[in-house]
Amino acid sequence: MKITRQATDEALLRELGGRLAQVRLERNLTQAQLSAQAGLSKRTVERLESGSVATQLSGFIRVCRVLDVIERFDLLVPEPVPSPVEQLKLRGHKRRRASANRQPKAPSKRWQWGDEP
């Protein structure tokens, strides 16, 4: 299955779990061996591979680390690279906050004599 935006959460969990199971089998590891090396229970590995329950992300990371696929996370969430213009604006600093959408200021009426309340 190709992972797409339209896939349900359950379908994504099943697909990722199936892929983890395939990598585990390619490495010739049993679920028990993988769980021992990852410091997880065998039941957690079973649930990850079946995609039936969303387990903690740390368990997923541990399994990926043991299967030596952790560096592929870079493909999953690539490091953002600011554009050259954005780099000039930041002047070597790292962005730390998101900015709110600013509402355009309503044009102010010029004050005249007799406008007092």
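The table below gives the values:
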quantity	calculated
Residue pairs meeting the criteria (Cβ under 8 Å; at least 6 apart or on separate chains; first surrounded by 10 or more Cβ atoms within 10 Å (Cβ to Cβ), in segment 88-117; second modelled with pLDDT of 75 or more and outside any helix (DSSP H, G or I))	none
Lone qualifier among GLN56, GLN37 - being surrounded by fewer than 18 Cβ atoms within 10 Å (Cβ to Cβ) and at pLDDT below 80	GLN56
Odd one out for ARG43 among (1) more than 24 Å from MET1 (Cβ to Cβ); (2) outside any helix (DSSP H, G or I); (3) modelled with pLDDT of 80 or more	(2)
Residue that is modelled with the highest pLDDT [pool: residues in segment 62-92 that are assigned to a loop (DSSP other than H, G, I, E, B) and more than 24 Å from the chain's Cα centre (by Cα)]	ARG91
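The values are calculated or read from the model by the stated rules, or taken from the named source; none is laboratory data. Not measured: the values here are computed from a predicted model. Heads up, the Cβs are rebuilt from the backbone with ideal geometry, glycines too, and the neighbour counts pull from every protein chain shown.
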